[in-house]
Amino acid sequence: MTDFNRIEDADNLAGKTALVRVDFNVPVDKDGTVTDDTRLRAALGTVNALSGKGAKVALLAHFGRPKGERKPELSLRPVAEAFAGVLGAPVAFAEDCVGEVAENAIASIQGGGVVLLENTRFHPGEEKNDDALADEMAKLGDVYVNDAFSAAHRAHVSTEGLARRLPAYAGRAMERELDALEKALGKPERPVLAVVGGAKVSTKIDLLKNLVTRVNALAIGGGMANTFLAARGQPVGKSLCEHDLADTCREIEAKAKESGCDIILPQDVVVAKEFAANAPHRTCGIGEVADDEMILDAGPQTVGLVVIAMDAAKTLVWNGPLGAFETEPFDKATVDAARAAAERAKSGKLIAVAGGGDTVAALNHAGVAQDFSFVSTAGGAFLEWMEGKALPGVDALKG
């Protein structure tokens, strides 16, 4: 994964146009005001690096799901204004991402200047990776830079098609992501521990099947752990559980044994008769769950086992919470385990890489996201990478 072209490899960019795919799919309020500029700030490293080389920086991004139609409410114009504030410099805006309108907008800026082109998904050919659209868009630039790992699992014109038509490089944010993932699963320091949680096994079958062949230990939590416990014949009461996937769980466990991967499942659990904040609850052994109870979190003994596994590991990959962390007190296992991981990462004892929507929210809830070695906000792309799938937007950058 480290074999890809970086911005440092691009020479003589002064006066040339760099088409840069960024992730500006940011949240906005009803007035069009950007309410979270995290993704805008993530693009600064790449934009400043290219501007510093004297390139004209033409930013490409999607916004929402216009499905190939021009929808004024999904225009990137407000985002251009917000990014200008983050950048501390003017950001021009083009009403289209191809053709004469885009050409004129790029021509209007000097070397080192920045222009944001209109929503790429206003064109139906974008998501189809249409050759004609890719050819037309490629005419706008001299080089292509992809800084949107979050969209790298999609073979679209702006994520893959352009990279096949222009000299292609990874942006700084993409670079950090790929380097971190290489350390986590590509060429990790062993032993490697994976912590995987979440509601359903059905959404993470491919992920689990891949991980048990790549890591030394796998801790399973959240609702999906209930399905594994049921497959082992343990009572789970009225817990969230996919009983029809018992054979799949047994198959994954058999594959883990064959690969020398230890499976860590809950040894004790926190149960309640209703799922509500501060509902009456108790901690019990896994064989003691009553028919009218539901498992809502892992217990302290289980967290202890996960922490022991962290102490034995040199690399941790984390995706998904260990319990219903959004609702107190069923956030305790996730918070305690996350803080233990963060403490070890901060002291240099553990390389800790995490990703996925719920995971980022859980680590922020625990107040430790900043102490992990790397936290990916890429969602689907991060999951597909964990599943061992090829990412078109990354493959197109390889040297």
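Observations, loosely collected:
- Condition check for ARG172: surrounded by 20 or more Cβ atoms within 10 Å (Cβ to Cβ), modelled with pLDDT of 95 or more and not polar (S, T, N, Q): yes
- Enumerated helices (runs of 4 or more DSSP H) restricted to region 219-324, each holding at least 1 residues that are free of Cβ contacts under 8 Å to residues at least 40 places away in the same chain and surrounded by fewer than 16 Cβ atoms within 10 Å (Cβ to Cβ): 246-259, 300-312
- Unique residue being among the aromatic types (Phe, Trp, Tyr) and in a helix (DSSP H, G or I) when the list is PHE83, PHE63: PHE83
- Where a residue in region 108-132 is at pLDDT 95 or above and its partner, wherever it lies, is open to solvent by less than 30 Å² (accessible area, probe 1.4 Å) and aromatic (Phe, Trp, Tyr), with Cβ under 7 Å and at least six apart: LEU116/PHE83; ASN119/PHE63
- On the stretch given as region 325-361, residues that are of a type in the set (S, T, N, Q) and crowded, with 23+ Cβ neighbours inside 10 Å total 2.
- Considering the conditions (1) under 27 Å from ASP206 (Cβ atoms); (2) open to solvent by 30 Å² or more (accessible area, probe 1.4 Å); (3) in contact with a Lys or Arg (Cβ under 8 Å, 6 or more places away or on another chain), ASN364 is excluded by exactly one of them, (3).
- On inspection, ALA105 fails the criterion of being of a type in the set (A, V, I, L, M, F, W, C) and within 25 Å of PRO27 (Cα to Cα).
- Subset of region 118-167 [buried (at least 23 other Cβ atoms within 10 Å of the Cβ) and among the basic types (Lys, Arg)]: ARG121
- The sole residue among ALA194, ALA184 that is at pLDDT 95 or above and either farther than 30 Å from LYS53 by Cβ or surrounded by fewer than 19 Cβ atoms within 10 Å (Cβ to Cβ) (or both) is ALA194.
- Identity of the residue in region 2-28, part of a helix (DSSP H, G or I) and in contact (Cβ under 8 Å) with a residue 60 or more places away in the chain, that ends up farthest from GLY54 (Cα to Cα): ASP9
Let's see how each residue does on (1) more than 22 Å from TYR144 (Cβ to Cβ); (2) surrounded by fewer than 18 Cβ atoms within 10 Å (Cβ to Cβ); (3) not small (Gly, Ala, Ser):
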residue	(1), (2), (3)
ILE7	no, no, yes
THR17	no, no, yes
PRO27	yes, yes, yes
VAL47	no, no, yes
GLY52	no, yes, no
LEU59	no, no, yes
PHE63	no, no, yes
LEU76	no, no, yes
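- The residue pairs whose first member lies in region 78-102 and is within 13 Å of VAL115 (Cα to Cα), whose second member is among the hydroxyl-bearing types (Ser, Thr, Tyr) and assigned to a helix (DSSP H, G or I), and whose beta carbons are closer than 7 Å, counting only pairs six or more residues apart or on different chains, are CYS97/THR120.
- Any pair with Cβ under 9 angstrom, 6 or more apart, that starts in region 29-41 at a residue that is at pLDDT 90 or above and ends at one that is among the basic types (Lys, Arg) and surrounded by 11 or more Cβ atoms within 10 Å (Cβ to Cβ): none
The values are calculated or read from the model by the stated rules, or taken from the named source; none is laboratory data. Everything numeric here is computed off the predicted structure, so don't read it as measured data. Because the Cβ atoms are built from the backbone with ideal geometry, glycine has one as well, and the counts that use them run over all protein chains shown. The accessibility values were calculated without ligands, DNA or RNA, using every heavy atom of the protein model including side chains. Shrake-Rupley method; radii C 1.70, N 1.55, O 1.52, S 1.80 Å.
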